[in-house]
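Reviewing the structure listed below.
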Amino acid sequence: MRRTAKDTEESARRINRRALLMGGAMVAMFAVLGARMRYLSVEQADEFKLLAEENRINMRLIPPERGLILDRNGALVAGNEQNYSVTMTREGAGDVDAVLARLTRLIPVTAEDMDRITRDLDRNSPFVPIVVADRLAWDDFSKVALNAPTLPGVTPEVGLSRHYPLVEDFSHVVGYVGPVSEKDLAERPDPDPVLRIPEFQIGKIGVERWMEDTLRGTAGNKRIEVNHVGRVMRELERIDGTPGQDVHLTIDADVQNFVQARLGTESAACVVIDVETGEIIACASAPGFDPNLFVRGITQRDYSALMENDHRPLANKTVQGAYPPGSTFKMVTALAALEAGLITPSTTHSCPGYIEFGDRRFHCWKRGGHGRVDLARSLAESCDVYYYEIAQKVGIDKIAEMGRRLGLGIRHDLPMSAITEGIMPDKAWKQERWGQDWRIGDTINASIGQGYVLASPLQLAVMTARIATGRAIVPRLVRAIGGRPVEMPQAEPLGLSSDGLAAVRQGMFEVLNAQRGTAYSSRIADETLVFAGKTGTSQVRNITAAERARGVVSNDQLPWNRRDHALFVGYAPYDKPRYAVSVVVEHGGGGSAVAAPVARDAILRVLHGDIPPLTSYPANQRGRIETDLNALRERLRLSGTATPPATEQQG
Amino acid sequence: MSFLEYRVKTVPGGLSKVLHLNWPLVVLVIAVASVGFLILYSIAGGDMATWAEPQMKRFAVGLVMMFAIAFVPIWFWRNMAGLAFAVTILLLLAVEFFGVVGMGAQRWLDIGPIRIQPSELAKVTMVMLLAAYYDWLDIKKVSRPLWVLIPVLVIVLPTALVVIQPNLGTSLMLLMGGAAVMFAAGVSVWYFAAVAAMVAGLVASVFTTRGTPWQFLHDYQYRRIDTFLDPSADPLGAGYNIMQAKIALGSGGWGGKGFMQGTQSRLNFLPEKHTDFIFTTLGEEFGFVGAFSLLVLYGLILFFCFTSAIQNKDRFSQLLIIGLAANFFLYLAVNLSMVMGMAPVVGVPLPFLSYGGSVMLVLLIAFGLIQSAHVHRPR
């Protein structure tokens, strides 16, 4: 269209004016953009730099290698086993189904596993390795490694996992490790970050738990660069941690194995202790269990079987079990009376088979009574009435004080779980616990280790060692940490009169070595290794007057869990004591028949350093003993299965 | 003076046109595009083949196209305006029926090897038609309601077609680009004031209808607005893009982390790092200095466009240059505002830097038209 020159001029002027306005607006916008740029990249730069680093850098912990647990001679008790596993990544595999199908032809994969694997693969990013098979046998593992070229994305991996080669022998002492639970974290005020590593394991019970800090070591860490989905791009820096320290126990694994096998399927406990140093040489609770089951994650079926077993395999009866000590307690009553000066070794009492006190009648185990007995005979024949008499004179508070001096009613601090204090009752205790006054009948019951008195096999072993040496020996379980021996101070003398101790020891000698002694059949024939001790049979039920009139029902006639506990404590050699032993067989019947032979075998095993020769046993028993020992030999772990690592030898 | 009055003889002919091109503008466009190649190379981790090379090839093709368009007399393009606009509308309708679904919307047309985004084309052809319209219209009638209604319809038609794709970002840019031509043509400011008031009312109603069955926007569009208003509320979800973009820009600091040293982009924390969010990598690796330099280059491009427009005495050429320059400005202003957390994420590329064919070609077509107007200006 034609336009006049005037129009054209007018048009251009108007457009230019508007253009300048628009240009001005654009300049203003540019100023805003520039200012914003400056604000972000200059003024807020530090904050954003930090955020960019946080995006980029991840810290990963490197779990430390757990310290080993070894016996006193360096035999491996708890070690770290190579764990062979196979992982795969979705992106590496490409055709996941085809690779899995090829893999299942090489290694066993259950349908359950298959579900888990496909689920995990779907859920995770394509580069996250998924565990296809764990704890593979070496054969299966090497098959996968050999076929690696045909299995894209599949990686055979070697890790470490806890292993207990001695299976049930140390199940109670050493315990086991397991995955960290919420409870474990809650218990610790400032949990080590390493505990948050998935699949990290910590000690749950026993030495594994109570020496956790020593065994664990400290984690190393690495700084890695990751991308937006967390894929590791490269490692920037690596700081190695320190492995956990090795722990040497005082226990001799071979003795432990022997004792565990000797206890067999009984519900029983046996403690062997060095009377000079307090070192625990054996500490067996039967039946045991396989701690390796817990490391792998125990199945509900296995766990129920352990929980429902009336012999309580999970309990550590040596330190958790609190039993009425029965007649093994008589040494305490006797020593209390001797120290108080109320009796001498030659003091006699007449035993008519019972005493009457008020309207109650307290029986001796022997219906007809023992007649006149002195101290030595009262122990040898385990006369109850003798102790009823002297206990009334001494009073419970002095007996309790003596019990505590000998290690009863106090908690011995060892790295084991649920260690019981037992009960050493006195007047104040009953007032506090039951709100009742102490009665003389309570003293009479306590004098023979019944009533309120409760002690663990460990406490009974300590008591025996203290009587044997006259020193306040303290039990110990750890011999060395990280190769450095744990200091063991010389035990302080108890301060008991040597005459009194000698009289009690004489009585304990006669228990085994006098014809009329209750454990005469469990004597040691070897004259250099004379055995002294005391039997105990503790009731777990009340015998009514009516039953007593009919005749007490014998243990054979009772259901298992109503039978008496069989106990025995002892030490050897009599003239120069080296080891003390205590045995409790739950519902075993009589201490002399059931517990004493176990104690003799255990102490002979320690003294000989091997399966005891038949010459140690009385001639008339050797035939039967030989059969028994041969049967036992079958059940022992073959020596040499646990080869100690050369560097771990301890002096 | 209309184009008929200046003779062909006053306009450079043949190869001498090359001498009369607006060379500073050509150099600036190549410079900005080169910055883009550099960053695409860096984002790919030092690899040409991923993004930089295809982008360079497209740019080369586009550059040839730009020169070809520049050599064709501007009056030819004025005569083509109506046809070009009609074709664009047809393509926009075609995209509605045969379009490829991407990013939750139909935006592309696949024609053999070429992928066309007609909404980008609309930005140019609409400006052409509007400029031609105002060139034809008696300037005294410019602000009369009837003569205002016609260009409004020209703007609304493609905008409506783009909105239903749905592509909010491009439709808003079409509206603003068209308005810019009308403003430059001298339409009374009262119309603009009235529209501004209406927009304010509309925004209010957009938010008040939210959650009702007759809500104005898609849910994802509402969410983008929410995210824009408070990105840190959901840093791993919808706010992730903005948060990570700000981290990348901010962590560059004054001088940047250095070429190929940007951790945000190299480790993939940045979304759309090679397309809409390419500016964040520039900021991360070259810092404030690098980012500000790009802003200066863009400013110079606009400056040369405007001086060219003011020097020109042809009404169509003037309006065309201003309209296309305004369009170019809208691209970069919206993109930078979005990337720096000043506007919602609307999916607008950064001109000459973002990886992508359609936008690159359309931009070079626009600059071809600007050059043509410059070469064939009345002297």
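The values are calculated or read from the model by the stated rules, or taken from the named source; none is laboratory data. If you're wondering where the values come from, they're calculated on a predicted model, not measured in any experiment. Here the Cβ is made from the backbone with ideal geometry for all residues, glycine too, and neighbour counts use every protein chain on show.
At-a-glance table
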| read-out | value |
| --- | --- |
| Qualifying residues in region A:493-531 (those that are acidic (D, E) and touching a residue at least 40 places away in the same chain (Cβ under 8 Å)) - the one surrounded by the fewest Cβ atoms within 10 Å (Cβ to Cβ) | A:D499 |
| Residues located in region B:335-356, provided they are touching a helix residue (DSSP H, G or I) at 6+ places or on another chain (Cβ under 7 Å) and among the hydrophobic types (A, V, I, L, M, F, W, C) | B:L336, B:V339, B:M340, B:M342, B:A343, B:V345, B:V346, B:V348, B:L350, B:F352, B:L353 |
| The listed residue being more than 18 Å from A:L607 (Cβ to Cβ) and in contact with an Asp or Glu (Cβ under 8 Å, 6 or more places away or on another chain), out of A:R550, A:R541, A:R516 | A:R516 |
| Residue within region B:26-47 that is farther than 21 Å from B:V362 by Cβ, touching a His at 6+ places or on another chain (Cβ under 6 Å) and either within 14 Å of chain A (Cβ to nearest Cβ) or at pLDDT 90 or above (or both) present | yes |
| Residues of region A:143-156 classified as out of contact with any helix residue (DSSP H, G or I) (no Cβ under 9 Å at 6 or more places or on another chain) and surrounded by 14 or more Cβ atoms within 10 Å (Cβ to Cβ), total | 1 |
| Strands (runs of 3 or more DSSP E) contained in region A:51-134 and holding at least 2 residues within 14 Å of another protein chain (Cβ to nearest Cβ) | A:57-62 |
| Residue in region B:337-348 that is crowded, with 24+ Cβ neighbours inside 10 Å, within 14 Å of chain A (Cβ to nearest Cβ) and part of a helix (DSSP H, G or I) present | yes |
| Single match in A:T265, A:T277, A:T348 (criterion: assigned by TED's automatic domain parsing to the domain that holds A:A596, among the polar types (S, T, N, Q), at pLDDT below 95 and touching a Phe, Trp or Tyr at 6+ places or on another chain (Cβ under 9 Å)) | A:T348 |
| Evaluation of A:D46 against (1) facing chain B (nearest Cβ under 10 Å); (2) touching a strand residue (DSSP E or B) at 6+ places or on another chain (Cβ under 8 Å) (one fails), failing number | (2) |
| Within region A:226-284, tally of residues that are buried (at least 16 other Cβ atoms within 10 Å of the Cβ), acidic (D, E) and in a loop (DSSP other than H, G, I, E, B) | 4 |
| Subset of region A:619-651 (residues that are at pLDDT 50 or above and aliphatic (A, V, I, L, M)) | A:A619, A:I625, A:L629, A:A631, A:L632, A:L636, A:L638 |
| Near pairs, Cβ below 6 angstrom, 6+ apart or cross-chain, from region B:63-83 (among the basic types (K, R)) to any residue that is in a helix (DSSP H, G or I) | B:R78/B:A132; B:R78/B:F316 |
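This table checks each residue for (1) touching a residue at least 12 places away in the same chain (Cβ under 8 Å); (2) of a type in the set (K, R).
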{"site": "A:K6", "(1), (2)": "no, yes"}
{"site": "A:I15", "(1), (2)": "no, no"}
{"site": "A:L21", "(1), (2)": "no, no"}
{"site": "A:V27", "(1), (2)": "no, no"}
{"site": "A:L40", "(1), (2)": "no, no"}
{"site": "A:E43", "(1), (2)": "no, no"}
{"site": "A:F48", "(1), (2)": "no, no"}
{"site": "A:R56", "(1), (2)": "yes, yes"}
{"site": "A:E65", "(1), (2)": "yes, no"}
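Residue-by-condition table, conditions (1) buried (at least 22 other Cβ atoms within 10 Å of the Cβ); (2) touching a Ser or Thr at 6+ places or on another chain (Cβ under 9 Å); (3) away from every other protein chain (no Cβ under 12 Å); (4) of a type in the set (S, T, Y):
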{"residue": "B:F286", "(1), (2), (3), (4)": "yes, yes, no, no"}
{"residue": "B:G299", "(1), (2), (3), (4)": "no, no, no, no"}
{"residue": "B:L324", "(1), (2), (3), (4)": "yes, no, yes, no"}
{"residue": "B:L353", "(1), (2), (3), (4)": "yes, no, yes, no"}
{"residue": "B:S372", "(1), (2), (3), (4)": "yes, yes, yes, yes"}
{"residue": "B:P378", "(1), (2), (3), (4)": "no, yes, no, no"}
